[in-house]
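The structure appears right after this line, and notes come after that.
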Amino acid sequence: MRSLLCLFTALLLTACTGIADGIRPVTGFQLDRYLGTWYEIARLDHSFERGLEQVSATYSLRDDGGVKVLNRGKQSDGSWREAEGKAYFVGSPDEARLKVSFFGPFYGGYNVIDLDPDYQLSLVTSYNHDYLWILSRSPNPPKAKVDALVAKAQALGFATDQLIWVKQTP
């Protein structure tokens, strides 16, 4: 029974760091170009960011070779909420498929599924179609480029009509 429980736990943790069928992460990924601050332009709703505005994510290298993740957002009362996590590549570092943890040994998928050549706009998902983020180096990216990412996400089966557009200005 104990080995069955261990197997179930391992399968569950693997599923959370996976990627949805039909979705492929970016290849030719260059982490050094991805590091730095990204502004959240839009997201599908989930409890850990509900109600936040001016959301950003800052990525930097960790001493152990992983990536430090600092997520930050402004709450409705004007205070800031931050969460620090860590991320590691699931496979090859030239494939934008990582696992990220904000809570001890529990990891979720962080899969970059579209990235412009200049590393200015990014489309990110987790292990299923319930999670989607549009990230930009600028808090106000060109609308046409954002619209192109929304169209791609819709073609991949994401519920883009449910996107929450994040207010980035005070």
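Exactly one of these conditions fails for Lys152: (1) of a type in the set (D, E, K, R); (2) closer than 22 Å to Gly36 by Cα; (3) surrounded by 12 or more Cβ atoms within 10 Å (Cβ to Cβ). Give me its number.
(2)
Hey, can you tell me all the residues within the stretch 90-100 that are surrounded by 18 or more Cβ atoms within 10 Å (Cβ to Cβ) and of a type in the set (Gly, Ala, Ser)?
Ala96
State all residues of the stretch 139-170 that are among the acidic types (Asp, Glu) and within 19 Å of Asn128 (Cβ to Cβ); if no residue qualifies, say none.
Asp161
Listed here are the residues, each with its yes/no results for (1) at pLDDT 95 or above; (2) touching a Gly at 6+ places or on another chain (Cβ under 6 Å); (3) small (Gly, Ala, Ser).
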| position | (1), (2), (3) |
| --- | --- |
| Gly22 | no, no, yes |
| Trp38 | yes, no, no |
| Glu53 | yes, no, no |
| Gly73 | yes, no, yes |
| Val90 | yes, no, no |
| Phe102 | no, yes, no |
| Phe106 | no, no, no |
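Exactly one condition in (1) closer than 22 Å to Leu31 by Cα; (2) free of Cβ contacts under 8 Å to residues at least 60 places away in the same chain; (3) out of contact with any Asp or Glu (no Cβ under 8 Å at 6 or more places or on another chain); (4) surrounded by 16 or more Cβ atoms within 10 Å (Cβ to Cβ) is false for Gln120; which is it?
Status for Gln120: all satisfied but (4).
Being touching a Leu at 6+ places or on another chain (Cβ under 9 Å) and surrounded by fewer than 16 Cβ atoms within 10 Å (Cβ to Cβ) narrows it down to one of Ala144, Ala87, Ala42, Ala83, so name that one.
Ala83
May I ask you to list the residues in the stretch 126-170 that are touching a helix residue (DSSP H, G or I) at 6+ places or on another chain (Cβ under 7 Å) and within 15 Å of Gly22 (Cβ to Cβ)?
Matches in the stretch 126-170: Tyr127, Leu132, Ala153, Gln154.
List the strands (runs of 3 or more DSSP E) that sit entirely inside the stretch 62-170 and contain at least 2 residues that are closer than 17 Å to Arg43 by Cβ, of a type in the set (Gly, Ala, Ser) and touching a strand residue (DSSP E or B) at 6+ places or on another chain (Cβ under 8 Å).
Answer list for the stretch 62-170: 80-89, 106-115.
Under 6 Å by Cβ, and 6 or more places apart or on different chains, what pairs join a residue from the stretch 84-107 that is free of Cβ contacts under 8 Å to residues at least 60 places away in the same chain and basic (Lys, Arg) with one that is in a loop (DSSP other than H, G, I, E, B) and surrounded by fewer than 18 Cβ atoms within 10 Å (Cβ to Cβ)?
Close Cβ pairs (under 6 Å, with a partner that is in a loop (DSSP other than H, G, I, E, B) and surrounded by fewer than 18 Cβ atoms within 10 Å (Cβ to Cβ)) amount to Lys86/Gly66.
The values are calculated or read from the model by the stated rules, or taken from the named source; none is laboratory data. Computed from a predicted structure; not experimentally measured. Positions of Cβ are backbone-derived with ideal geometry, glycine not excepted, and every protein chain shown enters the neighbour counts.
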